[in-house]
Amino acid sequence: MSLPDGQLTALRNLARKQAGEDVDWINISDARALTDLGYAQRDRAGWTITSEGLSALKVIDEPGA
């Protein structure tokens, strides 16, 4: 599984945001693309990563992936 660089950066930033870390801004077009994939959602708190997004990130970041 692979994502374009911008989407991967946004997904990693959303994971860091969920972990309580400070993150840079999230590119809206990348976040929307992640939403279309089911990896992110938009709510009152802004963009958040979904459980599917966390699972996808684990697969992408596995050694040898």
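The figures follow:
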quantity: Student exercise, the range 5-61 dipole from Lys, Arg, Asp, Glu Cβ charges, in Debye to nearest 20; calculated: 140 debye
quantity: The chain, relative contact order [Cα under 8 Å, separation at least 6], %; calculated: 31 percent
quantity: Cα shape, the range 5-61, gyration tensor, a/c 1.5 rule; calculated: rounded
quantity: The chain - mean residue ellipticity at 222 nm from DSSP helices (-39,500 (n - 2.57) per run, n ≥ 4, rounded to 500); calculated: -16500 deg cm²/dmol
quantity: Simple label model, 7 Å out from Cα along Cβ direction - Ala19 to Asp61, nm; calculated: 0.5 nm
quantity: Cβ-based exposure ranking for Glu21, Glu52, in which fewest neighbours within 10 Å come first; calculated: Glu21, Glu52
quantity: Per-residue Cβ neighbour rank within 10 angstrom, fewest leading, Ile28, Ile49; calculated: Ile28, Ile49
quantity: Neighbourhood charge, 14 Å Cβ-Cβ cut-off, centred on Asp22 and excluding it, Lys, Arg +1 and Asp, Glu -1; calculated: +1
quantity: Cβ-defined net charge surrounding Ile49, 12 Å radius [Lys, Arg +1; Asp, Glu -1]; calculated: +3
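The numbers here are math on the coordinates, done by the rules we state, and not lab data. Because the structure is a prediction, the values reported are computed rather than measured. A quick note on method: Cβ atoms are made from the backbone with ideal geometry, for glycine too, and the neighbour counts reach across all protein chains shown.
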